[in-house]
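Structure first, then comments.
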Amino acid sequence: MKGKYLIVDKAILPDYFEKVIEARTLLRDGKFQNVSEAVKEVGISRSTYYKYKDFVFSPSDSNIGRKALISIMLEDKKGALSEILNFLYSVECNIITINQNIPINEVASIIISMDISDTKTPIEEILVNLKTVKYVVSSKLVALE
């Protein structure tokens, strides 16, 4: 296995991992002044917080996950790619590469790699909103680095 990180759906993880992130966010945002208050608010022990606080992150609060690879199926229409690029620009994604295949049955396959380190929008929200862009048939996340 390459690297030391895994991308795992939080649905299969114990809920205390998410609560550690929540407690850290409460502290960072100044809603609580000390760890004891924050962990009490989210419902975990101090020992659980300290055990995992340096190991559990959401993609939006770390430098992990700053590059994304997305696959898009796009109607073969003039300006279709431009619509996607304008949307990605609006959410502050920086395009690294675009690979567009020839349309088959009036649908083109596009792979876009992008730097998402400057965007304030979570990748999940970008993908949901991308599906509403004109001419987009489907979109999915292929990889996150």
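The values are calculated or read from the model by the stated rules, or taken from the named source; none is laboratory data. The shown structure was predicted, so the numbers you read here are calculated from the model rather than taken from an experiment. Virtual Cβ from ideal backbone geometry, glycine too; neighbours counted across all protein chains shown.
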- In segment 129-144, which residue that is loosely packed, with under 14 Cβ neighbours inside 10 Å and in contact with a Ser or Thr (Cβ under 9 Å, 6 or more places away or on another chain) is farthest from Lys77 (Cα to Cα)? Ala143
- Task: Go through (1) within 30 Å of Asp15 (Cα to Cα); (2) touching a residue at least 12 places away in the same chain (Cβ under 8 Å); (3) surrounded by fewer than 13 Cβ atoms within 10 Å (Cβ to Cβ) and name the single condition Gln33 misses.
- Result: (2)
- Note on the structure: When (1) at pLDDT below 95; (2) in the same structural domain as Lys134 (by the TED database); (3) of a type in the set (Val, Ile, Thr) are applied to Ile96, the one that fails is (1)
- How about segment 106-121: which of its residues are modelled with pLDDT of 90 or more and either of a type in the set (S, T, N, Q) or surrounded by 14 or more Cβ atoms within 10 Å (Cβ to Cβ) (or both)? Val107, Ala108, Ser109, Ile110, Ile111, Ile112, Ser113, Met114, Asp115, Ile116, Thr119, Thr121
- Query: Which condition breaks for Leu69 when tested against (1) on the phi < 0 side of the Ramachandran plot; (2) surrounded by 14 or more Cβ atoms within 10 Å (Cβ to Cβ); (3) over 15 Å from the mean Cα position of the chain (by Cα)?
  - Reply: (3)
- Item | Scope segment 64-99; condition farther than 15 Å from Leu127 by Cβ and among the polar types (S, T, N, Q); matching residues | Ser82, Asn86, Asn94, Thr97, Asn99
- Among the numbered conditions (1) in contact with a strand residue (DSSP E or B) (Cβ under 6 Å, 6 or more places away or on another chain); (2) more than 17 Å from Lys134 (Cα to Cα); (3) surrounded by 13 or more Cβ atoms within 10 Å (Cβ to Cβ), tell me where Asn99 comes up short. (3)
